[in-house]
Amino acid sequence: MRKEFLPFTKPAINEDDIQAVTAVLRSGWITNGPKNQELEAGVCAFTGNRYGVALSSATAAMHLLLKAMEIGPGDEVITPSMTWVSIVNMIVLAGAKPVFVDVDRETLLVTPEAVRAAVTPRTRLIVPVHFAGAALDLDGIRAAAGSVPVVEDAAHALGTFYKGRHIGSTGSAIYSFHAIKNVTTGEGGMFVTDNRELADAIRLWKFHGIGMDAFDRQNRGRSPQAEVLHPGFKYNLTDICAAIGVSQLARIGEINAKRRALAMRYRELLADVPEIRPLADPVGYDFTHAWHLFVVRVDTPKIGRDAFMAELKAQNIGTGLHFRCAHLQKYYREVMGFRAGMLPATEYNSDRICSLPLFPDMQLEDVDDVVSAIKTVLAAR
Ligand SMILES: *Cc1c(COP(=O)(O)O)cnc(C)c1O
């Protein structure tokens, strides 16, 4: 057994990141300012998009997107139930109806067929997830969406390419820089798009509805008497945080390459553990995986997922759960009336998935430790 606990994840913070934060702290400008602009420009250069709006989280991006699109009561938003529940919460808080689509049982990705079947005259928006960092079938989903806008949930997908281009680059996407994501700012997010109007609207909603932020006022000579155009929120990112993101973005290639190497080792070693089934790659199109998560299904009568996670912990191996499906959580069952059986592939996975340790500072030997702990847990049954 391992002597030291191996966490499920750990942010990849290096000296450059620490120096970048220190420089901001010494600079005299610590809230949103030049580092926000650098992060927005850096992400856009990497993804190939025109506009980026840095925000305090991906959840904030979803909130402002719904506001900017004026989505509310009577409107439907299509999203998987196999997602982080904050996306669904924002839809409900906007007064709109979440319409859950089932995912592919082996990839956890939303399919064009599911989208086609779910679109109605009330559908205003579709938010599919590049789950774990694998690419959605974007061409298929856009064709199925018809005239309904698709905004990609790219929280797992910085560094995911689809048919040679970065995901989101031909549309709009929401990125998260939460502590566990491939690039982190501690907490943070970004709305990235080629749609100028949408970017401007989100920028307005982001900072009190006055159409500029503190940095604009200080540095660009705009009038401090600027008025509220409509009441907005306060979802700006500090430069203390943005600086970490800028520093990390500079080595995204390295970060994702390390994640890939670890994931390949898992695949190789788990090939002879039939009880523990990794997700499959989607087929039919060329893509590059960002390997945000290494998700497996505990698929054996020997042991359930929850006991498996507990017993791995006793072996000094941490795990995560991404995600418990949204539609069967208390509020969604009791208040909104969603029921087990509505989304069979989602529910099958929700009961069986867990995420194995995967972070850039791990070594290949750590993967060996995880798989040998898995074998120990299974052998005891
Ligand atoms: C992390 C995550 C989010 C939310 O990101 P925050 O920055 O924490 O708001 C949204 N969707 C998915 C799929 C995520 O994993």
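Yes or no, residue by residue, for (1) surrounded by 15 or more Cβ atoms within 10 Å (Cβ to Cβ); (2) at pLDDT 95 or above; (3) in contact with a Pro (Cβ under 9 Å, 6 or more places away or on another chain):
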{"residue": "Arg196", "(1), (2), (3)": "no, yes, no"}
{"residue": "Ile210", "(1), (2), (3)": "yes, no, no"}
{"residue": "Arg217", "(1), (2), (3)": "yes, no, yes"}
{"residue": "Asp239", "(1), (2), (3)": "yes, yes, yes"}
{"residue": "Ser247", "(1), (2), (3)": "yes, yes, no"}
{"residue": "Asn256", "(1), (2), (3)": "yes, yes, yes"}
{"residue": "Ala263", "(1), (2), (3)": "yes, yes, yes"}
{"residue": "Val273", "(1), (2), (3)": "yes, yes, no"}
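Would you list the strands (runs of 3 or more DSSP E) that sit entirely within the range 126-213 and hold 1 or more residues that are assigned by TED's automatic domain parsing to the domain that holds Ala54, under 26 Å from Ile30 (Cα atoms) and under 16 Å from the mean Cα position of the chain (by Cα)?
Where strands (runs of 3 or more DSSP E) fall fully within the range 126-213 and carry at least 1 residues being assigned by TED's automatic domain parsing to the domain that holds Ala54, under 26 Å from Ile30 (Cα atoms) and under 16 Å from the mean Cα position of the chain (by Cα), they are 172-176, 189-193.
Restricting attention to the range 93-112, does a residue exist that is within 16 Å of the ligand (Cβ to nearest atom), surrounded by fewer than 17 Cβ atoms within 10 Å (Cβ to Cβ) and modelled with pLDDT of 95 or more?
Checked the range 93-112: at least one residue is within 16 Å of the ligand (Cβ to nearest atom), surrounded by fewer than 17 Cβ atoms within 10 Å (Cβ to Cβ) and modelled with pLDDT of 95 or more.
Collect the residues in the range 286-345 that are small (Gly, Ala, Ser), touching a Leu at 6+ places or on another chain (Cβ under 7 Å) and more than 16 Å from the ligand (Cβ to nearest atom), keeping them in residue-number order.
The answer is Gly318, Ala340.
Any residue at all in the range 358-365 that's within 27 Å of Phe5 (Cβ to Cβ), in contact with a Ser or Thr (Cβ under 8 Å, 6 or more places away or on another chain), of a type outside the set (S, T, N, Q) and within 16 Å of the ligand (Cβ to nearest atom)?
Among the residues of the range 358-365, at least one is within 27 Å of Phe5 (Cβ to Cβ), in contact with a Ser or Thr (Cβ under 8 Å, 6 or more places away or on another chain), of a type outside the set (S, T, N, Q) and within 16 Å of the ligand (Cβ to nearest atom), which makes the answer yes.
When both residues are 6+ apart or on different chains and their Cβ atoms are under 8 Å apart, which pairs have a first residue that lies in the range 365-381 and is outside any helix (DSSP H, G or I), and a second that is at pLDDT 95 or above and surrounded by fewer than 15 Cβ atoms within 10 Å (Cβ to Cβ)?
From residues that are outside any helix (DSSP H, G or I), the pairs are Arg381/Lys302.
For every residue, the table says whether it meets (1) modelled with pLDDT of 95 or more; (2) closer than 20 Å to Met309 by Cα; (3) open to solvent by less than 10 Å² (accessible area, probe 1.4 Å).
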{"position": "Arg339", "(1), (2), (3)": "yes, no, no"}
{"position": "Leu343", "(1), (2), (3)": "yes, no, no"}
{"position": "Thr346", "(1), (2), (3)": "yes, yes, yes"}
{"position": "Cys354", "(1), (2), (3)": "yes, yes, yes"}
{"position": "Gln363", "(1), (2), (3)": "yes, no, no"}
{"position": "Asp368", "(1), (2), (3)": "yes, yes, no"}
{"position": "Thr376", "(1), (2), (3)": "yes, yes, no"}
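Working carefully through the options Lys206, Lys163, find the one that is touching a Phe, Trp or Tyr at 6+ places or on another chain (Cβ under 9 Å) and either within 16 Å of the ligand (Cβ to nearest atom) or aliphatic (A, V, I, L, M) (or both).
Result of the check over Lys206, Lys163: Lys206.
For Arg324, work out the one condition from (1) part of a helix (DSSP H, G or I); (2) under 23 Å from Val85 (Cα atoms) it doesn't fulfil.
It fails just one condition, (1).
For residues in the range 1-28 being surrounded by fewer than 16 Cβ atoms within 10 Å (Cβ to Cβ) and touching a helix residue (DSSP H, G or I) at 6+ places or on another chain (Cβ under 6 Å), which is farthest from Asn316 (Cα to Cα)?
Top of the filtered list is Asp16.
From the residues in the range 183-194 that are open to solvent by 10 Å² or more (accessible area, probe 1.4 Å) and within 11 Å of the ligand (Cβ to nearest atom), which one is nearest to Lys10 (Cα to Cα)?
So, considering only residues that are open to solvent by 10 Å² or more (accessible area, probe 1.4 Å) and within 11 Å of the ligand (Cβ to nearest atom), the one nearest to Lys10 (Cα to Cα) is Gly186.
Mind checking whether some residue in the range 124-139 is within 16 Å of the ligand (Cβ to nearest atom) and touching an Asp or Glu at 6+ places or on another chain (Cβ under 6 Å)?
Yes, the range 124-139 has at least one match.
Every residue in the range 355-364 that is in a loop (DSSP other than H, G, I, E, B) and of a type outside the set (S, T, N, Q), please.
Those that are in a loop (DSSP other than H, G, I, E, B) and of a type outside the set (S, T, N, Q): Pro357, Leu358, Phe359, Pro360, Asp361, Met362.
Touching a helix residue (DSSP H, G or I) at 6+ places or on another chain (Cβ under 8 Å), over 21 Å from Asp272 (Cα atoms) and surrounded by 14 or more Cβ atoms within 10 Å (Cβ to Cβ): does that describe Asp299?
For Asp299, the condition - touching a helix residue (DSSP H, G or I) at 6+ places or on another chain (Cβ under 8 Å), over 21 Å from Asp272 (Cα atoms) and surrounded by 14 or more Cβ atoms within 10 Å (Cβ to Cβ) - is not met.
The values are calculated or read from the model by the stated rules, or taken from the named source; none is laboratory data. What you see is a predicted model; the values in this text were computed from it and never measured. Using ideal geometry, Cβ is built from the backbone for each residue, glycine included, and neighbour counts are taken over all protein chains shown. Ligands, DNA and RNA are excluded from the accessible area calculation, which covers all protein heavy atoms including side chains. Shrake-Rupley method; radii C 1.70, N 1.55, O 1.52, S 1.80 Å.
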